[in-house]
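Engineer: This structure is in structure tokens; I'll ask about it shortly.
The values are calculated or read from the model by the stated rules, or taken from the named source; none is laboratory data. It should be emphasised that the depicted structure is a prediction, and the values quoted were computed from it without experimental measurement. Neighbour counts run over all protein chains shown; Cβ positions are idealised from the backbone, glycine included. With ligands, DNA and RNA removed, areas are computed over all heavy atoms of the protein, side chains included. Shrake-Rupley method; radii C 1.70, N 1.55, O 1.52, S 1.80 Å.
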Amino acid sequence: MRKIVIGSRRSNLAMTQTRWVIDQLEKLGLPYEFEIKEIVTKGDQILDVTLSKVGGKGLFVKEIEQAMYDKEIDMAVHSMKDLPSEISPGLTVGAVPEREDPRDAFISNSGAKLMDLPEGAVVGTSSLRRGAMVLMQRPDLTIHWIRGNIETRLRKCREEGFDAIILAAAGLKRVGWDESIVSEFLAPEVSIPAVGQGALGIECREDDQDLLDLLAKINDPVTARTTAAERAFLNKVEGSCQVPIAGYAELTEDNQVSLTALVSSPDGKEVFKEHIVGEDPVAIGHHVAEKMLSEGAKEVLDRVKAELDGQ
Ligand SMILES: NCc1[nH]cc(CCC(=O)O)c1CC(=O)O
């Protein structure tokens, strides 16, 4: 019986996701046992600045990947959203299980929906994408940055004068929060989800064939294919850019990948949005990115980067 050691951040969400994956693997009834090893990442230690300013990319995965290289752990369960679009050398995503709800959940103190908030109300989010999505619908609202895990943000929403916050529905559902706290699940057409939102990516060493064979059994081909399109898009527009980026793909009835993607300025005023349907997820992801970049998104990315460098 092989023992598989799984590295996990210690947040409630990370632990819940890790335990969920262990459950799926144990159900297979194969001769493996599983142990969780807690790992603290840089992203867990930074609590007082907006994530985008400290370079969000890979903030939650670096220490975990190091532990994999050092063979202190064999695999790790990441929120796909937190996993950089390029996996570090020697490591690979061994499985993408079935996606949870990809939508953003809008939670207001009064229970009002986004379009019904009073003029000038304050919405808390740590995501440039959510901030821009809100401003596209409601340019009169004010965005304030809010950090911390799900529990902290919900507490701050009540105690620190926010009218509403936005969280991933998947996180709330996974940790078992009562859905009645959600005032509105924002439709993916209105608030295009982050690339990979609601999905998990299980990372392991690419030479660990035994573990790869095991993980293949909990891979969901539909989620793997749709998130591949989203991540191919992200990979082409990325490059240390701290701008709102969204990408969400579904399968059509005839088994094609349908990808909607967006790049915008942080104030939501300049918007590049594309929709494409195609067979090959990576090809359509790249195609959409190149189209946007050539049609003006590149200028927005460069300008925001220059503004940040000047700070
Ligand atoms: N950025 C942190 C993060 N990473 C994954 C989730 C939620 C679960 C998911 O999107 O799969 C969250 C919290 C949030 O965005 O509210």
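Engineer: Applying the Karplus parametrisation 6.51 cos²θ - 1.76 cosθ + 1.60 with θ = phi - 60° to the phi angles of segment 153-161, what ³J(HN,Hα) value in whole Hz is obtained for each residue in order, glycine and proline being reported as x?
Structural biologist: 5, 5, 5, 4, 4, 6, 9, 10, x
Engineer: Do you know the relative contact order of the chain, to the nearest whole percent, from alpha carbon pairs under 8 angstrom that are 6+ apart? Please list the in-between numbers first.
Structural biologist: Values: 624 pairs, mean separation 60.4, N = 311.
Taking the mean separation of contacting Cα pairs over the length of the chain, I get 19 percent.
Engineer: I've got another one for you. Take peptides 177-187, 121-131 and line them up by average Cβ neighbours within 10 Å, highest first, as a rough protection proxy.
Structural biologist: Working: 177-187: 14.9, 121-131: 23.1.
Final packing ranking: 121-131, 177-187.
Engineer: Using a 1.4 Å probe, what is the accessible area per residue for segment 241-284, in Å²?
Structural biologist: Numbers: 2030 Å² over 44 residues.
It amounts to 46 Å² per residue over segment 241-284.
Engineer: How many angstrom lie between the Cα centre of segment 158-187 and the Cα centre of segment 269-307?
Structural biologist: First find each Cα centre; the distance between them is then 29 Å.
Engineer: Moving on. Under 1.5 on a/c is rounded, so check that first for segment 153-311, then, if it is not, pick prolate when a/b is larger than b/c and oblate when it is not; a ≥ b ≥ c are the square roots of the alpha carbon gyration tensor eigenvalues.
Structural biologist: Numbers: a/c = 1.58, a/b = 1.07, b/c = 1.47.
Because a/c hits 1.5 or more and a/b fails to exceed b/c, segment 153-311 counts as oblate.
Engineer: So for segment 215-311, taking the charge dipole from beta-carbon charges (+1 Lys/Arg, -1 Asp/Glu), which of Gln256, Asn219, Ala232 sits furthest toward the positive end?
Structural biologist: Asn219
Engineer: Follow-up. Of Lys173/Lys236; Lys113/Lys173; Lys273/Lys298; Lys269/Lys305; Lys81/Lys156, which pairs sit farther than 21 Å apart, going by alpha carbon to alpha carbon?
Structural biologist: Working: Lys173/Lys236 31 Å; Lys113/Lys173 19 Å; Lys273/Lys298 13 Å; Lys269/Lys305 17 Å; Lys81/Lys156 23 Å.
In this structure, Lys173/Lys236; Lys81/Lys156 lie more than 21 Å apart at Cα.
Engineer: Right, another one. On the protein heavy atoms, probe 1.4 angstrom, tell me the percent of accessible surface of the chain carried by carbon and sulfur.
Structural biologist: Carbon and sulfur together cover 48 percent of it.
Engineer: Using unit Cβ charges (K, R positive; D, E negative) and no other charged atoms, how large, in debye to the nearest 20, is the dipole of the chain about its Cα centre?
Structural biologist: 620 debye
Engineer: Sticking with this structure for a sec: Which of the aspartates and glutamates could a cross-linker bridge to Lys37, judged by Cα under 15 Å and excluding same-chain residues fewer than eight apart?
Structural biologist: Glu63, Glu65, Asp70, Glu72, Asp74, Glu203
Engineer: Note down the relative contact order for segment 1-139 as a percent, whole number, built from C-alpha pairs under 8 angstrom at least six residues apart. Mind showing how you got there, number by number?
Structural biologist: Details: 120 pairs, mean separation 34.9, N = 139.
For segment 1-139, the relative contact order is 25 percent.
Engineer: Rounded, prolate or oblate: pick one for the chain, where a ≥ b ≥ c are the square roots of the eigenvalues of its C-alpha gyration tensor, a/c under 1.5 means rounded, and failing that, prolate if a/b is larger than b/c, else oblate.
Structural biologist: Working: a/c = 1.63, a/b = 1.34, b/c = 1.22.
Cα axes put the chain in the prolate bin.
Engineer: Taking amide H positions as placed 1.01 Å from N in the peptide plane, with prolines and chain starts having none, which residues 5 or more places from Ala95, or on another chain, fall under 5 Å of its amide H?
Structural biologist: HN-HN under 5 Å from Ala95: Ile202.
Engineer: Then there is this: After finding the eigenvalues of the alpha carbon gyration tensor for segment 1-155, what semi-axes result from the square roots of 5 times each, listed largest first in whole Å?
Structural biologist: Values: eigenvalues 243, 62, 36 Å².
Ellipsoid semi-axes (Å, largest first): 35, 18, 13.
Engineer: Here's something else I'd like to know. Apply the a/c threshold of 1.5 to the C-alpha gyration tensor of segment 251-311 and tell me whether it is rounded, prolate or oblate. Mind showing how you got there, number by number?
Structural biologist: On the way: a/c = 3.37, a/b = 2.60, b/c = 1.29.
It comes out prolate by the Cα gyration axes.
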